[in-house]
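The values are calculated or read from the model by the stated rules, or taken from the named source; none is laboratory data. Being a predicted model, the structure only gives us computed values, none of them experimental. Backbone-built Cβ (ideal geometry, glycine too); neighbour counts: all protein chains shown.
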There are 4 protein chains.
Amino acid sequence: MNDGNEATGQAVVSRRKDARRNQETLLNAAATVFVASGVNAPVRDIAAKAGVGVGTIYRHFPTRADLVIAVYRHQVDACAEAGPALLATGLSPHAALGQWIDLFVDFLVTKHGLAAVLRSDNSDFEALRAYFLDRLVPVCAELLEAAAVAGEIRPGIDAYELMRGVGNLCIGADSDPRYDARHMVELLIAGLRGPHR
Amino acid sequence: MNDGNEATGQAVVSRRKDARRNQETLLNAAATVFVASGVNAPVRDIAAKAGVGVGTIYRHFPTRADLVIAVYRHQVDACAEAGPALLATGLSPHAALGQWIDLFVDFLVTKHGLAAVLRSDNSDFEALRAYFLDRLVPVCAELLEAAAVAGEIRPGIDAYELMRGVGNLCIGADSDPRYDARHMVELLIAGLRGPHR
Amino acid sequence: MNDGNEATGQAVVSRRKDARRNQETLLNAAATVFVASGVNAPVRDIAAKAGVGVGTIYRHFPTRADLVIAVYRHQVDACAEAGPALLATGLSPHAALGQWIDLFVDFLVTKHGLAAVLRSDNSDFEALRAYFLDRLVPVCAELLEAAAVAGEIRPGIDAYELMRGVGNLCIGADSDPRYDARHMVELLIAGLRGPHR
Amino acid sequence: MNDGNEATGQAVVSRRKDARRNQETLLNAAATVFVASGVNAPVRDIAAKAGVGVGTIYRHFPTRADLVIAVYRHQVDACAEAGPALLATGLSPHAALGQWIDLFVDFLVTKHGLAAVLRSDNSDFEALRAYFLDRLVPVCAELLEAAAVAGEIRPGIDAYELMRGVGNLCIGADSDPRYDARHMVELLIAGLRGPHR
DNA sequence: GATGAATGAGAATTCATTCAT
DNA sequence: AATGAATGAATTCTCATTCAT
């Protein structure tokens with residue numbers, strides 16, 4: 001990858017041109033710190049990790065929720081887009097739902113503390129929660145509907161509630177070797193099938 | 001229990017009574033504040049509610065986890081004792097399990113923020129988590145075993161994991177009108193039945 | 001004044017008993033810092049001067065205005081009480097007014113920056129301003145009324161306006177050798193006499 | 001106005017015109033912001049209002065005082081020139097003085113916070129203060145001298161002190177409906193007449 | 001010359017914890 | 001044993017100022 005800048009390396013990168021790259025650096029640093037210390041890590045820690053001043057973070061992301069959203073936006077979007085794609089593959093709707101939930105779980109359990117901030121008893125991160133739900137609940141609803149129409153699951157399951165449940169099951173999953181969120185999610189999804197008796 | 005002693009003995013006894021009553025006051029205050037502001041409420045708030053100095057709280061409960069444990073010990077114990085009792089009623093093991101889980105859920109969802117501190121990605125409250133699990137996991141294991149032996153549920157379910165799962169499902173359940181933890185727990189328990197295919 | 005504490009001196013003074021003395025220390029420190037750096041001096045500077053932690057200041061004086069009021073309350077009160085006293089001495093009302101204004105000016109010009117925070121284009125310190133005015137305007141009004149009744153000054157002078165005017169004239173008087181607020185105040189008071197022609 | 005020059009000349013001229021216009025834009029923006037938020041408004045606010053970068057402001061006006069001076073220079077100059085003009089109208093010297101002071105007061109009270117920065121207990125704005133005084137004190141002195149010679153006012157009044165006094169009386173006059181600086185200035189000027197007794 | 005991203009010092013404020021009385 | 005005053009670390013956020021482009 002020759003960027004025509006061997007001598008100085010990447011230390012003296014352009015400011016203006018690199019606004020985007022800089023932002024990328026910031027997001028990577030934030031992601032790393034979030035994994036290590038959770039999404040409530042001190043702003044200063046993130047700044048230090050990114051090698052920038054705290055002011056830079058505030059410039060780009062006025063609130064913490066802005067930063068967290070930015071960090072995870074791409075992955076949330078990818079997850080959202082995967083839903084219709086799975087449904088279009090010819091899998092049974094229930095199988096598609098299961099695989100989609102797996103993607104969501106994969107995403108959450110690899111982000112230390114992310115699932116925890118999605119819990120609603122937390123007045124910060126309202127915007128973050130809203131973003132997640134706005135993106136993903138409709139997708140989940142579509143999958144649930146398809147599975148219900150196919151008679152594979154009991155009807156009347158609320159997509160929001162299910163997303164919250166799955167999200168909750170993922171809390172702390174990365175830091176407890178005795179707890180495997182996937183097992184529990186598998187039970188939950190299995191429970192969708194059974195008649196309510 | 002010989003309390004027919006002299007003046008000094010009397011004093012000792014009443015001092016003890018006072019101490020006990022004082023501690024009771026403290027626990028009630030803490031419980032109230034925990035409900036209102038979560039288990040991370042400022043120590044000073046709890047002290048104020050109890051009408052004591054902060055030093056008094058630290059004397060009785062050196063760490064916050066100690067206090068939280070003390071606040072909920074009675075209820076945890078009651079829940080633990082309900083397990084064998086339910087099994088002895090003649091209910092089917094699976095029904096007993098379901099009712100017992102309901103008791104546990106009732107307990108958690110009425111305690112603002114309690115479920116949240118049970119999550120394992122939280123190095124404080126380790127002792128609290130340990131207490132909960134020490135008391136309840138064996139009971140849950142017993143119920144699961146009985147249900148498995150009766151062929152009512154799939155075998156191989158880990159009691160610890162299930163308790164964690166149920167606990168997680170209860171996080172934030174008190175502050176989100178769109179999320180009913182009981183629905184999700186019901187799904188989870190229903191999922192226990194299905195064959196693991 | 002034997003306080004039975006010769007050996008240790010005043011270094012190891014009692015905490016509780018000295019709440020008051022401690023507060024005094026705080027107020028003295030604040031007064032000193034206010035003189036040196038104005039009433040907007042950093043809280044930390046005041047704390048350092050007093051030899052206490054910043055938390056101590058916040059405990060005693062939650063807002064800056066609280067602190068400033070406390071620092072000057074005694075002197076404001078003394079000034080307020082001097083008004084009726086002067087009127088009762090048998091001086092002519094105008095002379096009494098003049099002397100009372102002199103007291104007020106003496107107070108202000110010796111407090112670096114105090115007069116400046118009394119200016120109304122300052123949304124902080126509203127409480128401070130209110131305290132000053134509540135205490136002093138009625139006294140001033142009484143003196144003005146007496147002088148007007150005696151025919152010594154033109155009628156219709158508003159006490160609030162006059163206090164603000166005198167206060168304003170004192171701004172910066174301590175730091176400008178070429179400006180003597182007393183001269184200007186003397187002109188202002190002299191101007192009260194003349195008919196408005 | 002020969003603009004029939006070559007390409008480069010044209011460019012130079014318009015560059016100069018641009019520079020001047022740019023500066024004008026800057027000063028107008030600053031004046032507007034000063035009125036709205038006082039002369040200590042954040043530099044960024046001024047830059048935003050002017051539609052330029054903050055660097056541009058620093059280039060033209062290295063210190064804040066430089067900017068404030070530039071903003072008000074025209075008006076100060078106009079005020080200075082009005083003194084001799086008033087004296088030449090045939091008005092009595094005292095009347096001329098009164099009208100001139102009125103002009104000065106008009107200027108100050110319409111500039112939010114301007115009077116406040118003229119106070120001498122403020123090490124920033126030293127240059128600004130100096131500019132004001134250099135321009136206006138001699139004019140005031142001339143008017144005072146004329147009035148004293150005419151026997152209309154007591155002698156020995158220091159022009160600097162009077163200017164400072166009038167300036168002080170104007171502080172905060174724009175934000176306090178109960179305080180009318182003009183009333184107080186009128187008293188002050190009236191006080192000039194009376195014998196010093 | 002203009003730009004505005006980046007910097008980082010500085011100030012406010014909270015609250016867990018200690019400890020003299 | 002109880003008290004609560006004191007401490008000060010930790011954190012957030014702002015804004016003047018610099019400087020690469």
Quiz item: Could you count how many residues in the stretch A:168-183 are more than 8 Å from chain B (Cβ to nearest Cβ) and either within 18 Å of residue A:158 (Cβ to Cβ) or surrounded by fewer than 23 Cβ atoms within 10 Å (Cβ to Cβ) (or both)?
Solution: 2
Exercise. Hey, can you tell me all the residues within the stretch D:57-90 that are surrounded by fewer than 14 Cβ atoms within 10 Å (Cβ to Cβ) and not in a helix (DSSP H, G or I)?
Key: D:62, D:88, D:89, D:90
Quiz item: How many residues does the stretch C:184-195 contain that are at the interface with chain D (Cβ under 7 Å from one of its Cβ atoms) and surrounded by fewer than 19 Cβ atoms within 10 Å (Cβ to Cβ)?
Solution: 2
Exercise. Assess whether residue C:135 counts as being touching a residue at least 24 places away in the same chain (Cβ under 8 Å) and closer than 19 Å to residue C:185 by Cα.
Key: no
Exercise. Out of D:102, D:77, D:18, report the one residue that is over 28 Å from residue C:118 (Cα atoms) and modelled with pLDDT of 90 or more.
Key: D:77
Quiz prompt | the stretch A:155-167, residues that are under 19 Å from residue B:161 (Cα atoms) and more than 8 Å from chain B (Cβ to nearest Cβ) | solution = A:166, A:167
Self-check item: residue D:52 being surrounded by 17 or more Cβ atoms within 10 Å (Cβ to Cβ) and either within 13 Å of residue D:111 (Cβ to Cβ) or within 17 Å of the chain's Cα centre (by Cα) (or both)
Solution: no
Quiz item: Can you pull out the residues in the stretch C:66-116 that are within 14 Å of chain D (Cβ to nearest Cβ) and either aromatic (Phe, Trp, Tyr) or within 30 Å of residue C:43 (Cβ to Cβ) (or both)?
Solution: C:105, C:108, C:109, C:110, C:111, C:112, C:113, C:114, C:115, C:116
Practice problem: With the checklist (1) touching an Asp or Glu at 6+ places or on another chain (Cβ under 6 Å); (2) touching a residue at least 60 places away in the same chain (Cβ under 8 Å); (3) under 27 Å from residue C:38 (Cα atoms) in hand, flag the one item residue D:94 doesn't pass. | Solution: (3)
Quiz item: Looking at residue C:28, is it of a type outside the set (Ser, Thr, Tyr) and at pLDDT 85 or above?
Solution: yes
Exercise. Within the stretch C:130-150, identify whether any single residue is outside any helix (DSSP H, G or I), surrounded by fewer than 21 Cβ atoms within 10 Å (Cβ to Cβ), of a type outside the set (Phe, Trp, Tyr) and touching a Pro at 6+ places or on another chain (Cβ under 6 Å), and answer yes or no.
Key: yes
Practice problem: Residue by residue through the stretch B:34-56, note down the ones that are within 16 Å of residue B:127 (Cα to Cα) and either at pLDDT 95 or above or away from DNA strand E (no atom under 13 Å from the Cβ) (or both). | Solution: none
Practice problem: Provide a single number: the residues in the stretch D:57-91 that are in contact with a helix residue (DSSP H, G or I) (Cβ under 8 Å, 6 or more places away or on another chain) and away from DNA strand E (no atom under 16 Å from the Cβ). | Solution: 18
Practice problem: Mind counting the residues in the stretch D:91-102 that are of a type in the set (S, T, N, Q) and assigned to a helix (DSSP H, G or I)? | Solution: 1
Quiz item: In the stretch A:153-167, which residues are in contact with a helix residue (DSSP H, G or I) (Cβ under 7 Å, 6 or more places away or on another chain), over 15 Å from residue A:98 (Cβ atoms) and buried (at least 21 other Cβ atoms within 10 Å of the Cβ)?
Solution: A:167
